[in-house]
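The structure appears right after this line, and notes come after that.
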Amino acid sequence: MASLSPPLDLSHHFSYTTKQRAPSAVKGFYKYFQIPGIANLAGGLPNASYFPYDTLEASAAHSQRFPTVPGGRKTKEPHPSDRLTIPKESPSATPKKIDITTALQYGTVEGIPPLATFVNQFVREHLHPNVPYADGPATILSAGSTDGFAKAIETFTNTWNPDRDWAHLRQGVLCEEFVYMNAIQTIQPRGLNVAPVAIDAEGMLPYGPGGLLDVLQNWDYRKGRRPHLMYTITIGQNPTGGTLSVERRKEIYAICQKFDVIIVEDDPYWNLQYPSAPEMQAQYRNTVIDKNSLSKRNYNAGGKSSGYEFLDSLVPSYLSIDTDGRVVRLDTFSKTIAPGCRLGWITAQPAVIERISRIIETSTQQPSGFVQAMVADLILGQQVDDGSVSSRSKEKTPKEGWQMDGWVRWLEGLRAGYEHRMQQMCIRLEEGQYTTVDAGKHTGESSLTDDEEDSWEVLDKVQMYDFSWPTGGMFIWLKVRYDTHPLRQKYAPERLAKAMWVHFTHKPYLCLLGPGTMFSPTEETQRRGWQYLRLCFAAMPEDDVVPVSERLVEGFRAFWQRKDLDGLEDEDGLTQAMDRLQIRPAANFLGIGC
């Protein structure tokens with residue numbers, strides 16, 4: 001086997017500030033704190049005996065709590081949870097111990113050793129076992145994907161001020177034409193250009209009008225420099241729910257190589273991939289499955305296995321084809337543990353991680369010690385003196401935590417749970433997407449009197465919305481067919497869209513929907529965004545998915561029967577609508593995002 005080449009030097013892409021950063025003089029001392037018996041007279045550390053916490057305790061789920069088959073029965077456990085206890089000070093001599101004294105003290109930028117080691121091992125050996133550059137990637141903990149993206153933007157872009165800087169100095173970021181807007185709101189205050197790229201049901205398009213090649217090849221330099229950074233969600237794309245195939249990734253990666261673009265891959269839904277979606281969509285619509293759609297196969301068959309059938313079956317990251325080292329991947333525990341953890345990690349070539357580390361040293365320093373300790377103890381348990389992360393262990397006690405096997409089993413259970421919710425909502429939407437309307441009113445050509453219309457009624461079957469079954473993530477992206485609405489000749493479609501949003505906030509529907517304009521990063525996409533709605537099937541209780549989905553369909557049908565928009569267009573309508581959502585039960589289809 002040929003030896004791998006080292007990653008490319010990307011330092012020409014570093015921002016001016018990033019290039020100037022030097023290691024923290026204060027943090028440089030911290031590595032010496034671990035020397036046994038050393039008297040620390042250098043660091044300004046509070047004494048741990050004054051920390052008010054004696055233990056941190058919680059009851060936590062077994063990793064087998066959820067079935068691995070969508071809709072399967074939950075495991076009946078004699079003890080459905082384990083008690084976690086983090087002591088004030090661990091008796092273990094290992095530097096990878098998990099205790100309050102270590103976790104709540106000042107520490108190094110890498111985070112507490114057991115969690116940092118686990119993440120690095122999981123990434124290199126199991127999640128991305130086939131990164132194609134020498135020595136593989138490095139990792140560092142972050143305070144979640146949003147924090148990770150902010151660090152990446154600071155690393156690779158300079159702020160641009162129109163009152164101070166020439167236009168040709170303005171940098172830009174590529175993204176999907178509909179995108180998670182928190183990322184865009186990180187970019188915009190820095191004065192960067194936002195360059196949307198056309199998408200389809202799978203994700204970003206490499207070719208064709210508005211595709212990546214078209215955007216880069218025909219860049220208008222009057223706007224500034226050609227973008228050198230791409231922000232993308234490739235699995236369960238937010239908001240569209242598409243998953244980018246390996247074949248499509250290779251095409252996009254080749255274009256990024258040609259134009260020297262760095263790929264920032266935000267992947268909060270990587271384990272939530274739904275191979276049943278293309279199959280069920282084809283079954284319901286009597287169509288053929290796209291050969292490039294998500295399929296059940298071993299994506300690591302040509303290289304090193306992850307060690308787990310579940311992980312091998314998942315569409316891999318851009319890192320799997322990253323021969324240049326131009327991919328910066330953002331991961332989070334928000335969807336696998338809980339959003340309030342504000343804990344994640346960044347994966348990239350070592351030189352990039354080193355620069356990001358310098359930013360972290362003088363900003364967040366490291367994620368919350370409370371959270372690191374609780375997550376580490378949940379997965380690893382209290383460390384024995386060798387501190388190893390066991391896999392396929394034969395013996396397991398509650399104090400040993402989930403270990404690698406349990407962590408992967410938990411991820412698989414989460415996938416099955418969310419996949420079942422997706423199936424339940426999509427089935428109801430699939431079955432309810434058509435309705436009947438008066439043919440004369442629908443075409444606007446009725447010549448009958450009111451009495452004649454009451455005696456003779458000709459009905460048309462029309463489609464109210466269209467969608468693709470999501471192949472990953474937590475969202476369904478609806479395109480509403482306002483062109484079939486009976487009032488389309490009386491009201492502009494944008495006006496119908498606003499009225500329908502308010503309509504859904506009224507009883508008996510009480511559904512909060514995510515308008516497509518929320519995910520439109522530019523004025524041009526804003527002008528098209530009104531056609532779309534994002535629905536989240538993850539946030540509501542499991543037992544509510546079916547009845548709320550049916551309520552949603554009934555809301556569409558009722559809106560298609562309206563003879564006017566009375567009560568839906570007052571100036572305070574949106575404010576009042578939000579107030580009405582305090583009434584229970586209101587179904588929140590919004591979700592939040594990454």
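How much net charge surrounds THR435 when only other residues with a Cβ under 9 Å from its Cβ are counted (Lys, Arg +1; Asp, Glu -1)? Walk me through the numbers on the way to the answer.
Numbers: positive: LYS461, ARG557; negative: none.
Charge balance in the 9 Å sphere: +2.
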Open item on the list: Just to be sure I understand the curve: with the Debye formula and one point per C-alpha of segment 468-536, what is log10 I(q)/I(0) at q = 0.26 Å⁻¹?
Closed with: -1.24
- [ ] Put one equal scatterer on each alpha carbon of segment 313-364, apply the Debye formula with no solvent term, and list log10 I(q)/I(0) at q = 0.12, 0.13, 0.14, 0.18 1/Å to two decimals.
- [x] -0.36, -0.42, -0.48, -0.75
Open item on the list: With every atom except the alpha carbons ignored, what do you get for Rg and Dmax of the chain, in angstroms?
Closed with: 26.4, 98
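Applying a 10 Å radius around every beta-carbon, put 109-116, 164-171, 525-532 in order of their mean neighbour count, most first. Walk me through the numbers on the way to the answer.
Values: 109-116: 23.8, 164-171: 13.2, 525-532: 17.8.
Highest to lowest by the protection proxy: 109-116, 525-532, 164-171.
Can you order the peptides 371-379, 561-569, 491-499 by their average number of other Cβ atoms within 10 Å per residue, highest first? If you can, show how the numbers build up before the last one.
Details: 371-379: 23.1, 561-569: 13.4, 491-499: 17.4.
Result, highest mean Cβ count within 10 Å first: 371-379, 491-499, 561-569.
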Task: Gyration tensor over alpha-carbon atoms, segment 164-261, equivalent ellipsoid semi-axes in Å - done: 23, 16, 10
TODO: About the Cα centre of the chain, how large is the charge dipole given +1 on each Lys and Arg Cβ and -1 on each Asp and Glu Cβ? Please answer in debye to the nearest 20.
DONE: 1640 debye
Task: Calculated from backbone phi, Karplus (6.51, -1.76, 1.60) coupling profile of segment 458-470 in Hz, x at Gly/Pro - done: 9, 10, 10, 8, 10, 8, 8, 7, 9, 6, 9, 4, x
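Just reorder ASP331, ASP544, ASP438 by solvent-accessible area, largest first, 1.4 Å probe, all chains present. Mind dumping the intermediate values first?
On the way: ASP331 0, ASP544 60, ASP438 30 Å².
My answer, sorted largest first, is ASP544, ASP438, ASP331.
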TODO: Quick one, can you get me the convex hull of the C-alpha atoms of segment 66-221 expressed as volume per residue in Å³?
DONE: 232 Å³
Task: Residue (of ALA42, PRO7, GLN489) at the positive-pole extreme of the chain, dipole from beta-carbon charges - done: ALA42
- [ ] Rank VAL264, VAL408, GLN121 by how far each Cα sits towards the positive end of the charge dipole of the chain (+1 on Lys, Arg Cβ; -1 on Asp, Glu Cβ) and give me just the farthest.
- [x] GLN121
Task: Helix-only mean residue ellipticity at 222 nm for the chain, each DSSP H run of n ≥ 4 adding -39500 (n - 2.57), per residue, nearest 500 - done: -8500 deg cm²/dmol
Task: Rel. contact order, % - alpha carbon contacts under 8 angstrom, at least six apart, the chain - done: 18 percent
- [ ] Could you run the Karplus curve 6.51 cos²θ - 1.76 cosθ + 1.60 with θ = phi - 60° over segment 158-163 and give me ³J(HN,Hα) per residue in whole Hz, x for Gly and Pro?
- [x] 9, 5, 10, 10, x, 7
- [ ] Project the alpha carbons of segment 52-109 onto their principal axes and report the range along each, largest first, in whole Å.
- [x] 45, 26, 21
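Accessible area of segment 195-242 with a 1.4 Å probe: how many percent of it is carbon plus sulfur? Intermediate results must be reported in sequence, preceding the final value.
Values: 890 of 1680 Å².
Carbon and sulfur together cover 53 percent of it.
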Open item on the list: Can you list the DSSP H helices in the chain whose Cα atoms extend at least 20 Å along the helix axis and whose mean Kyte-Doolittle hydropathy is -1.0 or higher?
Closed with: 403-431, 545-560
Task: Rg and Dmax of segment 92-144, Cα atoms only, in Å - done: 13.2, 40
Task: Amide H partners (placed H, <5 Å) of LEU56, local residues excluded - done: ILE86
Open item on the list: Taking only the Cα atoms of segment 1-145, how large is their convex hull per residue, in Å³?
Closed with: 233 Å³
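The values are calculated or read from the model by the stated rules, or taken from the named source; none is laboratory data. Just so it is clear, the model here is predicted, and its values are computed rather than measured. Don't worry about glycine lacking a Cβ; one is built from the backbone with ideal geometry, like all the others, and counts go over all protein chains shown. Quick note on the areas: whole protein, heavy atoms, side chains included, nothing else; ligands and nucleic acids left out. Shrake-Rupley method; radii C 1.70, N 1.55, O 1.52, S 1.80 Å.
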